[in-house]
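Read-outs throughout are calculated quantities, based only on the coordinates presented, and are distinct from any laboratory measurement. Here the structure is a predicted model, which is why all the values come from computation and not from measurement. Glycine gets a Cβ as well: all are built from the backbone with ideal geometry, and neighbour counts include every protein chain shown.
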Amino acid sequence: MRTCLALAALAMVAACSINPRNYETEPVTVETAEGAVTCQLYTKRMLDWDRAVSRPATMSVEAADEVCREEGRRQQAEG
């Protein structure tokens, strides 16, 4: 009986887990001095998941992700 309850509770938690894919928007391209960065943005309320999906070879992943977070902040400010 306890095993059934534990499995049921686990299933409920798994069903309620947050999946970023449910909040994806259409990718956007941001032009930078180094070239185009393609960003996957999510909900305008939360920018933590915003990230680069493509970047110039000369740009680090961290720098490209920051470009995307900045684009997310820009869009958030626009409303």
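For this structure, a couple of remarks:
- Computed over Cα pairs, the Kirkwood radius of segment 21-78 leads via Stokes-Einstein (1.567 mPa s, 4 °C) to a diffusion coefficient of 116 µm² per second.
- The protection proxy used here, the mean number of other Cβ atoms lying within 10 Å of each residue, ranks peptides 67-75, 30-38 as follows, highest first: 67-75, 30-38.
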